[in-house]
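The structure appears below as structure tokens.
Read-outs throughout are calculated quantities, based only on the coordinates presented, and are distinct from any laboratory measurement. Quick caveat, the model's predicted, so the values are computed rather than measured. All Cβ positions, even for glycine, are placed from backbone atoms using ideal geometry, and neighbour counts span all protein chains on display.
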Amino acid sequence: MNASRKQAIREFKERKSLRGVFAVRCTATGQVWVGSSLNLGATQNGSWFALRHGCHLNRALQKEWNDHGEPAFQYEVLERLDEDLSAMAASDLLKEKKGQWVARFGAQPLL
């Protein structure tokens, strides 16, 4: 393995993921689901993959996806946490922030 490839792998592993609260919106119905994640990018990819394959854990979200199709859905980052927070502090804060956004939008919580 050459040095530049090793360096790229090392940088990827050291990269900090974006932590925060997100919303999934169905533009056709106005329905909103709010979730939190320690890795926002991976969460969007994983959610869209599950929805496309009909196996998302949230049945209501999956039904809306099946009824209206992918073009009717948006993924939106609502709030990002400070990168310097410890993992435990981030987890607790994400729960709190998620609850606040669910209440603000009258949304359904995601797992």
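For mean projected area of the Cα convex hull in nm², the candidate list reads [x] 7.3; [y] 8.6; [z] 7.8; the entry that matches the value derived from this model is [y]. For residue 62 and residue 83, the difference between the fully extended length at 0.36 nm per residue and the C-alpha to C-alpha distance is 4.4 nm. Counting other Cβ atoms within 10 Å as a rough exposure proxy, the listed residues 43, 29 run 29, 43 from fewest neighbours to most. A DSSP coil position with no more than 13 other Cβ atoms inside 10 Å describes the following GluC sites (Glu not before Pro) in segment 29-105: 83.
Can you give the local net charge around residue 102? Use residues other than it whose beta-carbon is closer than 12 angstrom to its beta-carbon, Lys and Arg +1, Asp and Glu -1. Please report the intermediate quantities before stating the final value.
Details: positive: 95, 97, 98, 104; negative: 96.
Result for the local shell: +3.
If you place +1 on the Cβ of every Lys and Arg and -1 on the Cβ of every Asp and Glu, how big does the dipole about the Cα centre of the chain come out, in debye to the nearest 20? Display every interim value, and only then the final one.
Details: 16 positive and 12 negative charges, 67 e Å.
In debye, rounded to 20, the chain gives about 320.
Here's the picture: a label point sits 7 Å out from the Cα of residue 91 along the beta-carbon direction, and within segment 30-60 the residues with their amide nitrogen under 17 Å of it are 36-40. Seen against the Cα atoms of the chain and their longest principal axis, helix 87-105 is set at about 20 degrees.
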